[in-house]
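Values in this text are rule-based calculations from the coordinates and carry no lab data. All figures in this text were calculated on a predicted structure; none of them were measured in a lab. Methodologically, a virtual Cβ is constructed for each residue, glycine included, from the backbone with ideal geometry; neighbour enumeration extends over all protein chains shown.
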Amino acid sequence: MQGMEVRTGINRWWRVVGGLSMNLALGTLYAWSVFVAPLESQFGWSRAETSTVFTIAVTVFAVSFVAAGRLQDKIGPLPCSLAGAILVSAGFFLCSFTNSLWFLYVCFGLIGGLGNGFGYATPIPVMAKWFPDKRGLAVGLAVGGYGAGSAIFGPLAQLKLIPALGLPATFQILGGVFLVMTVAGALLLRNPPAGYRPPGWSPVAAAGAARAREFTPGEMLRTRTFYLMWVAYALGCSAGLMVISQLVPFARSVGVAGAALSTMTLVVGAVGNASGRILSGWMSDRLGRINVLRAMIGICVIAMPALYAAGSNVVLLYAAVFVVYWCYGTQLSVNGVAASDFWGTKNAGVNYGILFTAWGVAGIIGPRLAGVLFDRYQNYEAAFHAAAALAGVALLCALAARRPAE
């Protein structure tokens, strides 16, 4: 490491800053809801039509993540992260020229989704390689920006930019800001020298925090652990997204005021999401990846019915929302770290990309299942309790998962 720092004049923690900067911009995907009402008002589109934009973005994100992960393993993180920077920024900027639903599908859904896939594919493998000694904390800090992005840019767009400047100018401003943030972040995302170890650290002293064996994607897919982790990831995130997708209509149905509603979705949820990514990552360095995943998924089983029971009590509702988002964010950071621990860092991009398809599946089935249950029972109780049941199955899979054999 000393040689590397002499040549570059940069400390490894700047890599975390790069990942954080990249993900703060990418994470505005979670703030899509602030654009929904203005778009529906301007063009007369239905909620189903505008919701499809987000679904396309999530699907493209998850699918392109695998290809981007493979590319960054082969050619390094810089080209992939720059591609993500340009795509996500261009997607936002082009949204300012929206004149049809299909144009929005292409710009935000396809281009923005690709930008997320290529941009998000690089920070996790880079952090895993630079920080074998603090892998959970470093990955958590880098991807924590994804959870925090909506807490910053969502209220900025909703409360300041859109009312003052209108929707097209808001998309253009955000596109310009994101270009600066993501390109700056991309330039900091470089791999360490081959065989790099932090001073004073060794794999033996770290009690197996880093594996000696590097699994290829094919070898990973032949381990039982992968399928248990995939199902736990898919069902755990489906449970979280079932509840998250119904929070706004649920809160309205129990009489939560508009201001409190905005705070709940754009601040409390986003802070919980970011906190889960960062602090659970840090805890996993000390308690173990699987142990933290098991604990947080287990808390989900309790928190989701508790959120429904909180009803219109704003304090209890905020607390439950924070916990649900924390548990959801935990899965997005700790699973990424576990993939590097279990299957190595050489192919971390593609290996985690394959595991990450679980999140893409969850993004499709979670909100859809919640909507179907509401249509059938005309209340939110069934969706929230079904989410707890899914989390329970995810917990069983996580309990059965073990570190794969060498």
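Taking the Cα centre of each part, how many Å lie between segment 110-127 and segment 375-406? Computed from Cα coordinates, the inter-centre distance equals 27 Å.
Rounded to the nearest 500, what is the 222 nm mean residue ellipticity of the chain from helices alone, with -39500 (n - 2.57) per DSSP H run of 4+ residues and division by all residues? Present the calculation step by step, with values, prior to reporting the outcome.
Values: 19 runs with 310 residues, N = 406.
One gets -25500 deg cm²/dmol as the mean residue ellipticity at 222 nm.
Just want the answer: with Cβ charges of +1 for Lys and Arg and -1 for Asp and Glu, which residue in A232, S312, Y377 is farthest toward the dipole's positive end in segment 217-400? Going by the Cα projections, it comes out as A232. Computed from these coordinates, which is mean projected area of the Cα convex hull in nm²: [x] 29.9; [y] 20.1; [z] 18.4? It is the one labelled [z].
Summing +1 for each Lys or Arg and -1 for each Asp or Glu among the other residues whose beta-carbon sits under 11 angstrom from that of R135 gives 0.
Here the extension length gained between A382 and F97 equals 98.6 nm, from 0.36 nm per residue of separation less the Cα-Cα distance. Between V248 and S41, the modelled labels are 1.3 nm apart [label points 7 Å from Cα along Cα→Cβ]. Rounded to the nearest 20, the Cβ-based charge dipole of segment 217-400 about its Cα centre (Lys and Arg +1, Asp and Glu -1) stands at 200 debye. Computed from the C-beta positions of Y227 and K160 and an R0 of 51 Å, the FRET efficiency is 0.65 to the nearest 0.05.
Between N313 and R286, 0.36 nm times their residue separation minus their Cα-Cα distance comes to what? Walk me through the numbers on the way to the answer.
Working: separation 27, 0.36 × 27 = 9.72 nm, distance 3.55 nm.
Full-extension gain reported as 6.2 nm.
Put a dot 7 Å past the Cα of K346, heading toward its Cβ, do the same for L399, and the two dots end up 3.6 nm apart. Note on W201 and I10: their simple-model spin labels are 1.8 nm apart, each label 7 Å out from Cα toward Cβ. Taking the C-alpha atoms only, the angle from helix 13-26 to the longest principal axis of the chain is near 30 degrees.
In segment 1-138, a dipole from Cβ-located charges (positive for Lys and Arg, negative for Asp and Glu) runs towards its positive end, and of S89, A25, M127 it is M127 whose Cα lies farthest in that direction. Round to the nearest 10 and give me the degree value, 0 to 90, for the angle of helix 289-310's Cα axis relative to the longest principal axis of the chain. Tilt relative to the chain: about 10 degrees.
Between 0 and 90 degrees, rounded to the nearest ten: what's the tilt of helix 167-188 against the longest Cα principal axis of the chain? Result, in degrees: 10.
Can you list the lysines whose alpha carbon is less than 20 Å from that of K129, not counting same-chain residues fewer than 8 positions off? List returned: K74, K346.
Placing +1 on the Cβ of every Lys and Arg and -1 on the Cβ of every Asp and Glu, with no other charges, gives the chain a dipole of roughly 900 debye about its Cα centre.
Normalised by the number of residues in segment 2-188, what is the relative contact order in percent for Cα pairs under 8 Å and 6+ residues apart? Don't jump to the answer; show the numbers that get you there.
On the way: 292 pairs, mean separation 76.0, N = 187.
In percent, rounded to a whole number, it is 41.
Length available on full extension from A48 to R368: 0.36 nm per residue minus the Cα-Cα distance, which gives 114.1 nm.
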